[in-house]
Amino acid sequence: MPSLTVNARPLRFDLDPSTPLLWALRDAANLTGTKYGCGVGDCGACMVLVDGEALRSCLITLGEAEGRVVVTIEGLSRDRSHPVQQALVAEQAIQCGFCTPGIAIAAASLLAKNAAPSDDEIRQAIPNLCRCGVYQRLVRAIQRAARVTARQERISAAPAPGISPADAASAVPAMRNDGREETR
């Protein structure tokens, strides 16, 4: 029985190891955000992250995924707060939505490797087919997600203005064993 980690959960599949990962995710794990588009790896609707790499789940078997870490669109962000998902909405890069999960996965993979991709790098990294033809908006959305991600990283890395680390530590209330704040 193949086992792997899917969306941070260890899973064991009682399926033939030659089963495409797509069907294991959709049918056995009930993760239906990963879409079946063409079944031959042309459209990208079934993209998932496998060990951080965007792969077409219709082309990788359950046996090939054994022991690996898989992230589906459901695992990218449960509340749709991932910068790529937010940017796709903000740039109106979603029409019918069928291709969106695969595109979001491919874009997240790109931004994890390249924080500031050029237009050409974006077009090259997003091989997904969109039958609605929103390609120009997709490029803008991924550029927006890159800017947001960079801004979030700068904010989280920067110390609060005017507050020393010692002052910040003393401002946090100490908790007693019974859960109440200690008075200083």
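Please treat every number below as a calculation from the coordinates, not as lab data. These figures come from a predicted structure and were not determined experimentally. Methodologically, a virtual Cβ is constructed for each residue, glycine included, from the backbone with ideal geometry; neighbour enumeration extends over all protein chains shown.
Quick rundown of the values:
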item	result
Residue 19 long-range amide H proximity, modeled H, under 5 Å	62, 63
Formal net charge of residues neighbouring residue 32 (Cβ-Cβ distance under 10 Å; K, R +1; D, E -1)	0
Paired Rg and Dmax values of the stretch 1-108, which use every Cα atom, in angstrom	13.3, 43
Given charges at beta-carbon only (K, R positive; D, E negative), |dipole| of the stretch 83-157 in Debye	120 debye
The stretch 3-76: relative contact order as a whole-number percent, Cα under 8 Å and 6+ apart	41 percent
Two-decimal Rg to Rh for the stretch 83-157 - Kirkwood Rh, Cα set	0.96
